[in-house]
Amino acid sequence: MGMVGGGRGAFIGAVHRMAAALDGQIELVAGAFSSNPERSKASGEDLYLDPRRVYRSFAEMIEQEANLPEDERIDLVSIVTPNHLHFEPSKLALEKGFHVICDKPLCFDLTQAYTLKKVVEQSGQIFALTHNYTGYPMVKQAKAMITNGDIGAVRKVMVEYPQGWLSTLLEATEQKQASWRTDPSKSGIAGALGDIGTHAENLAEYITGLKITSLAADVNTMVKGRLLDDDNNIMLKFDNGANGVLMCSQIAAGEENDLTIRIYGEKGGLMWRQMFPNSLEVQWLDAPKQIMRSGGAGLYPEAEKAQRIPAGHPEGYLEAFANIYKEVARQIQDRMYGEEKESTDYDYPRIEDGVRGMEFIYKVIESGKSDRKWLDM
């Protein structure tokens, strides 16, 4: 694997590296870790990489790696940069014959998203998006239960992602993570919506297997001086007739990362919280409430496949991230040995999920500005 971004001082780059390495299937051997060549070099030294494969730019890395013999060059490019730096390295890597794992949201704007989708299709390369919450075992259990009809047809979906870290004008202190996420030139047209709202949207569609068909949004910027949204309340309608509500906020004082989803069907309901990821609460119309636990008995194979350790040993954020890398590695290996299966056999978010996320961002912002609230997706 080669990495774009994720150098010294970058939070998400270290997460990606740990996730990629967790199952021993992917080795980091190259990188362009910063737009600053000296910082990229220093970051490569931190990671004990061969200095010849620590590059000054993503373009240099991709071009030079593509010229190496097939058994020496990288197979996969991991892109862990801010939103405005997703498109160009993704496009170039795909065109040069490399598979790509990219952080979310997909791109800076919707035009880039549509273009990148075409590039993925034309290249035939694997493209994955790190909507990492889909990797949790009990998220996969919830999805399998709905797919198998355990709670009946879905009627209502409630998903919320509250954070409190941007309750003040943190970006004015030049805090790195706050600065780029609240900057329209780097984040795009959305702040909290793109950062965490797309996670909520993706989780709702992934678990239920449904698609959002229309929405009505209340988009807010609560902190004076902030340039992008920091609080959103969105009503949803799904393609089976179900209704939903999505809330995402980064000004919910005191909250950490309490992504929570509740799904109600004809026969029962499910609740999963990222703060307590090893539990899935199941409530039945005509039976006592049930708590299912990761590693426990009676789970669907989809959940069991995502587990690594026995019950009672907590698995969390890194392992969920790693499940995406593991599935991509499995598909790459199967392709190498001529054993590739149907696309649906590999469970990770794809280019289509990224485009959906960008379309969701644009429709929510449009609805927030419009007097005509309900808009079709």
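Summary of computed values
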| quantity | calculated |
| --- | --- |
| Selection status of M247, more than 29 Å from C102 (Cβ to Cβ) and out of contact with any Phe, Trp or Tyr (no Cβ under 6 Å at 6 or more places or on another chain) | no |
| Pairs with Cβ under 9 Å, 6+ apart, first in the stretch 365-377 and assigned by TED's automatic domain parsing to the domain that holds D229 and of a type in the set (V, I, T), second surrounded by fewer than 18 Cβ atoms within 10 Å (Cβ to Cβ) and not in a strand (DSSP E or B) | none |
| Wholly within the stretch 201-266, strands (runs of 3 or more DSSP E) carrying at least 3 residues that are in the same structural domain as D150 (by TED's automatic domain parsing), among the hydrophobic types (A, V, I, L, M, F, W, C) and buried (at least 16 other Cβ atoms within 10 Å of the Cβ) | 212-220, 231-238, 243-249 |
| Scope the stretch 323-364; condition touching a helix residue (DSSP H, G or I) at 6+ places or on another chain (Cβ under 6 Å), assigned to a loop (DSSP other than H, G, I, E, B) and either among the hydrophobic types (A, V, I, L, M, F, W, C) or farther than 20 Å from A303 by Cβ (or both); matching residues | E340 |
| Filter pass, D353 being closer than 30 Å to L228 by Cα and at pLDDT 95 or above | yes |
| Some residue of the stretch 313-322 being part of a helix (DSSP H, G or I) and without any contact (Cβ under 8 Å) to a residue 12 or more places away in the chain | no |
| Lone unmet requirement of (1) modelled with pLDDT of 95 or more; (2) more than 19 Å from L375 (Cβ to Cβ) for N220 | (2) |
| Search result, residues across the stretch 365-377 that are among the polar types (S, T, N, Q) and part of a loop (DSSP other than H, G, I, E, B) | S370 |
| The stretch 9-34, residues that are surrounded by fewer than 15 Cβ atoms within 10 Å (Cβ to Cβ) and of a type outside the set (A, V, I, L, M, F, W, C) | G9, G24, E27 |
| Criterion: surrounded by 17 or more Cβ atoms within 10 Å (Cβ to Cβ) and either touching a Cys at 6+ places or on another chain (Cβ under 6 Å) or not aliphatic (A, V, I, L, M) (or both) - qualifying residue of Q307, Q290, Q283 | Q307 |
| Residue check, I189 surrounded by fewer than 24 Cβ atoms within 10 Å (Cβ to Cβ), part of a helix (DSSP H, G or I), in contact with a Phe, Trp or Tyr (Cβ under 8 Å, 6 or more places away or on another chain) and of a type outside the set (S, T, N, Q) | no |
| Contacts under 6 angstrom Cβ, first residue in the stretch 250-265 being under 16 Å from L169 (Cα atoms) and in contact (Cβ under 8 Å) with a residue 12 or more places away in the chain, partner of a type in the set (D, E) and assigned to a loop (DSSP other than H, G, I, E, B), 6 or more apart | Q250/D230; I251/D230 |
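The values are calculated or read from the model by the stated rules, or taken from the named source; none is laboratory data. A quick note: this is a predicted structure, and the numbers were derived from the prediction, not measured. Ideal geometry is used to build each Cβ from the backbone, glycine not excepted, and the neighbour counts take in all protein chains shown.
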